[in-house]
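Just below is one structure, and these are the notes that go with it.
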Amino acid sequence: MASFPVSMQVGSWIAFAVAFVLTFLFSTWYVLYYRYKRHSECSSTLTAILGLSVSLLTVIMGPVDVFLVSFMKDDNGEFKDWAESNVTRHQIQETVLYCYYAMYGCLTLFVFLIIPFVYFYYEEEDENTNIKSRICGAMKYSACFLFAAVVLLMIGAFVPLKKPPVTNNATIANDLAFLANELRNTKGETALYFTIGFLTVIGFVCLVFYTGFGLVTLPADMIKGRKSVSTELDSVRNEANDSRQRRRTIRRKYKDTNRRISSRDRGKIDNLNDQEELLKRKERHLEAMQARCCSKCTFLWRPFEITFGVLGCLAALLIFVSLFITSLDRAMHSLGVKTGYILPERHYPNPIDMVLLLSQQIFPLDYIIFASIIIFLFLTTITGIERIGIWFCCVKMYKLRATRTKPQALLFLCMILIFTVLAINTMMYTLAPEYMAYGNQKYVTENNSTEQCTTNEPEECVMSIAASLLTTFVFKLWFFGVFYYWANWAFLAMVLIGLVVSIFKSRRSSIEGEVDSDDTDCSDDELLQV
């Protein structure tokens with residue numbers, strides 16, 4: 001029995017190792033870019049970096065999984081010598097499966113233990129508390145999250161699972177045949193699937209609002225650009241003069257009389273004072289920016305910004321069209337609601353799916369394209385969070401601003417991005433169903449021709465571990481599949497809303513994120529340190 005070629009095995013995992021290093025560096029840069037240096041803490045910063053790195057690696061693992069199953073076959077649809085044995089194929093897939101278990105287990109650990117503990121550990125900080133009391137206080141509040149995790153695991157372990165229907169319909173029987181060997185999971189595996197599925201539901205909510213809104217907003221803002229510093233500075237100075245003039249007009253009414261200023265006019269004066277103070281801080285920041293050399297060289301990098309904005313618009317259009325086509329395909333050709341809208345094979349051409357399948361012939365081009373899609377969705381999610389803010393139970397908790405995000409907001413942000421990345425991982429099977437399931441595998445038909453692998457040929461095709469896990473989970477717990485399906489339509493609707501907002505919204509301020517109405521004078525303190 002031939003073994004899996006060492007060179008290709010090493011090559012695939014080297015690509016994954018490179019992706020791990022790049023992911024870690026990207027997460028580090030991202031966290032350091034947004035953290036608030038004056039109120040930072042090593043524990044929260046390190047937790048955010050590691051949490052983001054693990055969540056992104058869970059998605060990046062997909063192309064490695066696809067490559068390993070694709071490499072088992074030649075272009076003629078025949079299994080290679082080393083892959084003819086089911087034992088060899090099973091060993092390779094088992095290794096990938098354990099990698100997925102490890103990463104999903106780490107994500108669960110971050111969500112239910114590490115992030116809550118670090119968050120409450122920072123909240124317990126006080127002049128009168130020591131490390132021991134902070135740890136005890138953090139463990140006390142974190143126990144609630146552990147209890148929630150235990151509840152979800154228990155529900156997942158004992159929830160009644162759907163079984164394949166007994167039917168005489170040959171078509172349905174063939175469509176469900178690929179699930180025959182996947183329905184033998186243990187209670188522990190099912191409990192983990194249920195927990196991850198529940199977290200993915202939260203992730204889809206974040207995906208709809210944040211990623212859906214940012215998918216168009218990010219490239220649109222890059223094309224529009226920011227307001228001119230000099231023009232905005234003149235506008236701020238004019239607003240400040242108008243504010244002072246209105247305040248003097250109000251006071252003049254009471255100058256020559258003995259009347260007291262009415263409560264209504266007093267309120268107007270207070271509002272004008274607050275407005276003038278905000279305008280003064282904006283003026284100071286604009287003057288500092290105007291003095292910087294980079295603001296005078298805007299014309300040099302402006303063409304690159306427009307170019308990336310146009311490319312972002314094209315990427316957003318490609319994602320929108322691909323998601324719409326596959327969702328429409330699932331609506332018309334899936335196995336129905338009770339199977340979680342499982343789509344056995346693609347009927348309509350999907351642009352992203354076709355590009356990834358073609359690029360897989362040039363290693364590692366598909367990996368680069370896949371990673372680019374993930375990074376783009378990640379950046380659009382960040383943009384959406386910047387515009388909308390961090391909300392919890394309909395209450396706006398924090399704002400995300402470069403170099404001004406406090407540790408609590410950073411940990412909340414990390415939690416949101418972990419949820420969102422889980423949802424992105426699931427949505428990729430709608431964006432590229434055939435690539436994520438079989439890659440460029442082919443099988444030999446009865447007429448000795450080769451065709452792209454589908455779930456209708458379970459004996460001739462090897463499904464990727466991730467697609468197998470997702471399909472089995474959605475089939476067993478079909479209500480999760482139904483939610484994911486309709487969440488994709490909600491995502492498309494939010495993209496259209498973001499498009500309308502981007503069309504009518506004016507250009508962003510040159511100092512957006514640096515000064516806000518609820519800031520204190522500490523923003524000026526940081527300005528003096530620059």
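Taking segment 361-387 as the range and being part of a loop (DSSP other than H, G, I, E, B) and under 24 Å from the mean Cα position of the chain (by Cα) as the test, only Pro364 passes.
Scanning segment 342-360 for residues that are surrounded by 20 or more Cβ atoms within 10 Å (Cβ to Cβ) and either part of a loop (DSSP other than H, G, I, E, B) or at positive phi (or both) returns Ile342, Leu343, Pro344, Arg346, Asn350, Gln360.
A count restricted to segment 89-120 and to residues that are over 23 Å from the mean Cα position of the chain (by Cα) and over 22 Å from Gly62 (Cβ atoms) stands at 1. Residue-level analysis places Ser263 outside the set of residues that are at pLDDT below 85, among the hydroxyl-bearing types (Ser, Thr, Tyr) and under 30 Å from Leu300 (Cα atoms). All but one of (1) farther than 22 Å from Asp353 by Cα; (2) in contact (Cβ under 8 Å) with a residue 40 or more places away in the chain; (3) surrounded by fewer than 22 Cβ atoms within 10 Å (Cβ to Cβ) hold for Val444; state the number of the condition that does not hold. Unmet condition: (1). Sub-8 Å Cβ pairs linking a first residue in segment 234-245 that is over 14 Å from Asn273 (Cβ atoms) to a second residue that is among the basic types (Lys, Arg) and at pLDDT 85 or above, at least 6 apart or interchain, number zero. Cβ-Cβ contacts under 7 Å between residues 6 or more apart (or on different chains), taken from a first residue in segment 143-158 that is over 14 Å from Leu192 (Cβ atoms) and modelled with pLDDT of 85 or more to a second residue that is part of a helix (DSSP H, G or I) and among the aromatic types (Phe, Trp, Tyr), are listed as Phe145/Phe112; Leu146/Phe112; Ala148/Phe112.
To keep it simple, each residue is scored yes or no on (1) in contact (Cβ under 8 Å) with a residue 40 or more places away in the chain; (2) buried (at least 22 other Cβ atoms within 10 Å of the Cβ); (3) under 16 Å from Phe198 (Cα atoms).
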position: Ala466; (1), (2), (3): yes, yes, no
position: Thr471; (1), (2), (3): yes, yes, yes
position: Lys476; (1), (2), (3): yes, yes, yes
position: Tyr484; (1), (2), (3): yes, yes, yes
position: Leu496; (1), (2), (3): no, no, no
position: Arg507; (1), (2), (3): yes, no, no
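Answer yes or no as to whether Thr249 is of a type in the set (S, T, N, Q) and either outside any helix (DSSP H, G or I) or at pLDDT below 85 (or both). Criteria met by Thr249. For Leu25, the conditions (1) assigned to a loop (DSSP other than H, G, I, E, B); (2) at pLDDT 85 or above are fulfilled apart from (1).
The values are calculated or read from the model by the stated rules, or taken from the named source; none is laboratory data. Quick caveat: nothing in here was measured; it's all calculated off a predicted structure. We place every Cβ from the backbone using ideal geometry, glycine too, and count neighbours over all the protein chains shown.
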